[in-house]
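Okay, structure first, notes after.
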Amino acid sequence: MAEISVVLPSVLQPLAGGQSILTTPADGTVTVGRLLDSVTGGYPVLARRLRDETGALRRHVNIYVNGEEVRRLSGLETEVSAGQEVLIIQSVAGG
């Protein structure tokens, strides 16, 4: 079975047991929302860091599928298939 990998920034890795990449089996395409549900299932703190209480992506979290920011595509409904790279980037406030 094929897999989809989600690459995490170093700031989020401690919330995923220190892992830099989370993978989930993929049979066909899945939405980014479903992918996040799958890879964060065992990491509730990570899940809350990525999405708010309504399930919407938090403002400071950017997710890219093959280099395209999902907010410019279909948001959490953007489809992902095995072999595509999904990258999470968390904006860090400067000062």
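The values are calculated or read from the model by the stated rules, or taken from the named source; none is laboratory data. What you are looking at is a predicted structure, and each value in this text was computed from that prediction instead of being measured. Every residue, glycine among them, receives a Cβ derived from its backbone with ideal geometry; neighbour counts consider all protein chains shown. These area figures cover heavy atoms from the full protein model, side chains too; ligands, DNA and RNA do not enter into them. Shrake-Rupley method; radii C 1.70, N 1.55, O 1.52, S 1.80 Å.
General remarks:
Residue-by-condition table, conditions (1) under 12 Å from residue 4 (Cα atoms); (2) surrounded by 18 or more Cβ atoms within 10 Å (Cβ to Cβ); (3) of a type in the set (Asp, Glu); (4) out of contact with any Asp or Glu (no Cβ under 9 Å at 6 or more places or on another chain):
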residue	(1), (2), (3), (4)
22	yes, yes, no, yes
46	no, yes, no, yes
78	no, yes, no, no
84	yes, no, no, yes
87	yes, no, no, yes
90	no, no, no, yes
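- One residue from 37, 52 being surrounded by 15 or more Cβ atoms within 10 Å (Cβ to Cβ), out of contact with any strand residue (DSSP E or B) (no Cβ under 7 Å at 6 or more places or on another chain) and without any contact (Cβ under 8 Å) to a residue 12 or more places away in the chain: 37
- Residue list for segment 1-18, filter: open to solvent by 70 Å² or more (accessible area, probe 1.4 Å) and free of Cβ contacts under 8 Å to residues at least 24 places away in the same chain: 10, 14
- Among the candidates 92, 30, 86, 6, the residue that is in a loop (DSSP other than H, G, I, E, B) and of a type in the set (A, V, I, L, M, F, W, C) is uniquely 92.
- Boolean, residue 68 is in contact with a strand residue (DSSP E or B) (Cβ under 9 Å, 6 or more places away or on another chain), charged (D, E, K, R) and surrounded by fewer than 12 Cβ atoms within 10 Å (Cβ to Cβ): no
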